[in-house]
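The values are calculated or read from the model by the stated rules, or taken from the named source; none is laboratory data. All values reported here derive from a predicted model rather than from experimental measurement. Note that we place each Cβ from the backbone using ideal geometry, even for glycine, and neighbour counts take in every protein chain shown. Ligands, DNA and RNA are stripped out before the accessible areas are found, and what is left, the full protein with its side chains, is counted by its heavy atoms. Shrake-Rupley method; radii C 1.70, N 1.55, O 1.52, S 1.80 Å.
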Amino acid sequence: MTSQIKKICCIGAGYVGGPTMAVLADRCKDIKVTLVDIDKKRINAWNDKDLSKLPVFEPGLKEIIKRNRNKNLFFSTDIANTIKEADMIFISVNTPTKTSGFGAGYASDLKWVESSARQVAEYSSGHTIVVEKSTVPVRTAELIQNILSESEENSFISNIKKSFSVLSSPEFLAEGTAINDLENPDRVLIGGEDNNAMRSLSGIYERWIPANKILFTNVWSSELSKLTANAFLAQRLSSINAISALCEATGAEIKEVSNAIGADKRIGKKFLDAGPGFGGSCFQKDILNLVYLCQYYGLEKISRYWEHVLIVNNWQKERIASLVVEKLFGTVTNKKIAMFGFAFKANTNDTRESPSISIAKDLLENGANLMINDPQVLPYQIEKELCKKESKIFSEKEGSWSFNSNLNECVKDADALIILTAWDEYKEINFEKFSKLMRKPSWVFDTRKIISKNSLKGTGIKFWQVGMGECSSL
Ligand code: UDX
Ligand code: ADP
């Protein structure tokens, strides 16, 4: 029988759990939705009266939180009671790439998924539908099922009845457009075996998503579809970034090439913007998972095929850092360089795997003094990513970095400006003003193709753009 879902718990109140549950609560006012997290600070930030302090910056999210918080949307650290009350539990915890042990550098670290499953096993009561939402390797639902089955057996002995149905319903939202992606998804996947549980979940989605967009699959297909979707998208980016280098070498223009190929309906227009390399929490991690999976099943050549998408991505980041050094007379030691953008893309405060990290690290290693700006990223996040303390005093021997929210101060006396994230505020820069502030010869490196050549005309600033190379006659 399809159970009526009245209370939902989401374990993990991060970039996926937060927006996903906010939209769910907004669309299902009769369901009590509670997000729980082990990170007290994060929960406090979600509950902060000042909505500018929400831990996730996402256009449209503030408004949804404002109209639902403490009505049917709650944020709590009371994991035990929230799980106990819930009819349906979403697992939406972090699954980063392992840094040590077997599979280090490739496999996902599932310790947070495992501990979530153990919490569910311990605290739940009655029948609970468990939905895997985190991006996970194929066969993770099996791990969750195994942990829960043990507790089903024990509950039989102890007379406290517990039973579970495990489903996979991967999230396809992209940060920066999460609310729209959640409200109008291209499709929703529900992978599982228990038809009743699958119908209960689709009944929730159907409150706002047309039924024909809800696809039912087996669990493994659902998990593999998520990895494959991200691998295909990332592959497009490595392909266009590879062509950007060829454009720079030959005189072809990347925008003309991407327009020409995008006009072919079979290729399509989206995801053809060359850039400094892709970032974000998913693409690299999912491809590494795919590589690991192929190796596990003895598909060596296939694993190398997918790994090359990452090799090209790292190459794109490295070549940008090295061409900056090359253009600045082969050395950036003690030179001030302004970096605009630290988030991995515009409209998010997320810095995970941002191309800015490795480009900044390469320049710091070469002795540069970076002044970094980002409208949403905070200095402590940059410090964490660069593993290097912010220093206001430029050192003599090695590079240093500092954060500045004022764009003019960032470029004052700088030899170069590198644009790394396509924030709107960077699209309206007055280069005439900048040219007076910067040290000559001054350079602008536009890795996102958001600056028009015309806006630099007559300023004397030297200009490089991805997929164009050095632009002459400015
Ligand atoms: C991605 C998938 O799009 C999403 O479906 C999945 O659920 C999670 O991973 P996300 O990482 O949030 O989403 O952002 P996305 O828009 O895919 O961008 C990823 C990276 O590719 C960013 O660094 C972005 O700047 C870059 N990118 C994207 C380009 O360089 N050019 C493009 O044309 C598009
Ligand atoms: P994602 O982008 O996948 O949402 P985040 O790192 O933004 O990843 O969010 C995951 C959240 O899950 C973090 O806030 C983390 O504290 C939380 N988390 C991890 N393990 C547990 C757990 N066992 N119980 C509750 N919350 C957890």
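Kindly indicate the residue of the range 120-131 that is in contact with a helix residue (DSSP H, G or I) (Cβ under 6 Å, 6 or more places away or on another chain) and not β-branched (Val, Ile, Thr) and also most open to solvent (accessible area, probe 1.4 Å) among those meeting that condition.
Tyr123
Take the residues in the range 334-356 that are away from ligand 2 (no atom under 16 Å from the Cβ) and open to solvent by 10 Å² or more (accessible area, probe 1.4 Å), then tell me which one is nearest to the chain's Cα centre (by Cα).
Step one: filter the range 334-356 for residues away from ligand 2 (no atom under 16 Å from the Cβ), giving 334-342, 346, 355-356.
Narrowing the set further to residues that are open to solvent by 10 Å² or more (accessible area, probe 1.4 Å) leaves 334-336, 346.
Numbers: Asn334: 33, Lys335: 31, Lys336: 29, Ala346: 11 Å.
Restricting to residues being away from ligand 2 (no atom under 16 Å from the Cβ) and open to solvent by 10 Å² or more (accessible area, probe 1.4 Å), the top hit is Ala346.
Could you check the range 21-33 and list, in sequence order, the residues that are outside any loop (DSSP other than H, G, I, E, B) and either at pLDDT below 95 or open to solvent by 10 Å² or more (accessible area, probe 1.4 Å) (or both)? It would help to see each step written out before you state the result.
Let us first name the residues in the range 21-33 that are outside any loop (DSSP other than H, G, I, E, B), namely 21-27, 32-33.
Asp26, Arg27, Lys32, listed by residue number.
Output the residues belonging to the range 267-292 that are open to solvent by 40 Å² or more (accessible area, probe 1.4 Å) and either within 16 Å of ligand 2 (Cβ to nearest atom) or not in a loop (DSSP other than H, G, I, E, B) (or both). Spell out the reasoning first.
Residues of the range 267-292 that are open to solvent by 40 Å² or more (accessible area, probe 1.4 Å), as a first pass: 267, 269-271, 273, 284, 292.
Result: Gln284, Tyr292.
Of all residues in the range 425-454, which are assigned to a helix (DSSP H, G or I) and more than 16 Å from ligand 1 (Cβ to nearest atom)? Can you show your working first?
Of all residues in the range 425-454, those assigned to a helix (DSSP H, G or I) come to 425-427, 431-437, 453-454.
Residues satisfying the conditions are Glu425, Phe431, Glu432, Lys433, Phe434, Ser435, Lys436, Leu437, Lys453, Asn454.
Evaluate the following for Lys84: is it basic (Lys, Arg), surrounded by fewer than 23 Cβ atoms within 10 Å (Cβ to Cβ), closer than 28 Å to Asp30 by Cβ and touching a helix residue (DSSP H, G or I) at 6+ places or on another chain (Cβ under 6 Å)? Even if it seems obvious, please write down each step before you answer.
On the way: basic (Lys, Arg): yes; surrounded by fewer than 23 Cβ atoms within 10 Å (Cβ to Cβ): yes; closer than 28 Å to Asp30 by Cβ: yes; touching a helix residue (DSSP H, G or I) at 6+ places or on another chain (Cβ under 6 Å): yes.
It is true that Lys84 is basic (Lys, Arg), surrounded by fewer than 23 Cβ atoms within 10 Å (Cβ to Cβ), closer than 28 Å to Asp30 by Cβ and touching a helix residue (DSSP H, G or I) at 6+ places or on another chain (Cβ under 6 Å).
List, please: which pairs have Cβ atoms under 6 Å, are six or more places apart or on different chains, and start with a residue in the range 418-431 that is closer than 15 Å to Thr447 by Cβ and end with one that is more than 16 Å from ligand 2 (Cβ to nearest atom) and in a helix (DSSP H, G or I)?
Qualifying pairs under 6 Å: Ile419/Tyr426; Leu420/Ser356.
Which residue out of Glu253, Glu248 is away from ligand 2 (no atom under 16 Å from the Cβ), touching a strand residue (DSSP E or B) at 6+ places or on another chain (Cβ under 8 Å) and either open to solvent by 70 Å² or more (accessible area, probe 1.4 Å) or not assigned by TED's automatic domain parsing to the domain that holds Arg448 (or both)?
On the way: Glu253 fails: touching a strand residue (DSSP E or B) at 6+ places or on another chain (Cβ under 8 Å).
On inspection, the qualifying residue turns out to be Glu248.
Can you give me the number of residues within the range 393-409 that are in a loop (DSSP other than H, G, I, E, B) and at pLDDT 95 or above? Step through it out loud before you land on a result.
Here is the first cut: in the range 393-409, the residues in a loop (DSSP other than H, G, I, E, B) are 393-399, 404-406.
With the extra rule that they be at pLDDT 95 or above, the set shrinks to 404-406.
Residues flagged as in a loop (DSSP other than H, G, I, E, B) and at pLDDT 95 or above within the range 393-409 amount to 3.
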